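Accompanying notes for the structure given below.
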Amino acid sequence: MKTADLIDEHATKLRLVHLPFCRYGQKPHICGPAQTVKCFEDNTALRGQLETPGEGRVLVVDAGGSTRIAVLGDMLADLAISNGWAGVVISGAIRDSAEIAAMDTLVFALGTSPVKSAKDGLGKVGGTVELGGVRIAPGNWIYADADGVLMSAEKLI
């Protein structure tokens, strides 16, 4: 699966999540239905989702674009792998980027920060989030690789 080929074939059914993502992890690409989390500098809801079976889904996290506080680190990335999540797309920051880069996962984030998130129990699971001008709801399909992140309302491949 290449996003460039996918959009050539299905341009009218895909939206580009237009953010300056950095890519971390060893997987060349990910695709799967989205599960959404909205949180800001508090990763409690994000962790709660990664503790559940991922079943090949992609966790899409609206972290408010904050690059001041990391909402995902190597322990949560390992949890995502262990629980069968295809990958994670975050409009925010991660930490432990060197460790995540070596893992069998694919994480897209806006950047890095060494500062860990709050654990105040804030955040919301499910519902529509907006990243890069694209509204993403649980069950929408995410396709991502080195060229970018795409969203479709339906499964295309």
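Laboratory data are not the source of any read-out in this text; all were calculated from the coordinates shown. Note that the structure is predicted; figures quoted are calculated from it, not measured. Reconstructed Cβ throughout: ideal geometry from the backbone, glycine too, with neighbour counts over all protein chains shown.
Remarks
- Within straight-line cross-link reach of LYS2, lysines at Cα separation under 23 Å, skipping those fewer than 8 residues along the same chain: LYS13, LYS27, LYS155
- Net charge in the neighbourhood of GLU154 (other residues with Cβ under 13 Å of its Cβ; Lys, Arg +1, Asp, Glu -1) is +3.
- Cα centroids of region 74-128 and region 1-64: 11 Å apart.
- Computed lengthening from ARG68 to LYS13, 0.36 nm per intervening residue step minus Cα-Cα distance: 16.4 nm
- Overall form of region 24-157 per C-alpha gyration tensor (a/c, 1.5; a/b vs b/c): rounded
- Modelled this way, with points 7 Å down the Cα-to-C-beta line, the labels at ASP147 and VAL125 are 3.5 nm from one another.
- In a DSSP loop and with at most 13 other Cβ atoms within 10 Å, the trypsin sites (Lys or Arg not before Pro) in region 81-157 are LYS119, LYS155.
- GNM top mover of PRO53, PRO33, PRO138 - the chain, alpha-carbon springs below 10 Å: PRO53
- Structure remark: mean-square fluctuation, Gaussian network model of the chain, C-alpha springs under 10 Å; the largest value among CYS22, CYS39, CYS31 belongs to CYS22.
- Magnitude of the charge dipole for the chain, about its Cα centre and with charges confined to Cβ atoms of Lys, Arg (+1) and Asp, Glu (-1), is about 300 debye.
- Rounded to 5, the percent of DSSP beta bridges in region 34-157 classed as antiparallel: 35 percent
- Peptide packing: for 3-14, 65-76, the average count of neighbouring Cβ atoms within 10 Å per residue gives the ranking 65-76, 3-14, highest mean first.
- Highest-fluctuation residue, ALA109, ALA98, ALA45 considered, GNM on the chain with Cα pairs under 10 Å: ALA98
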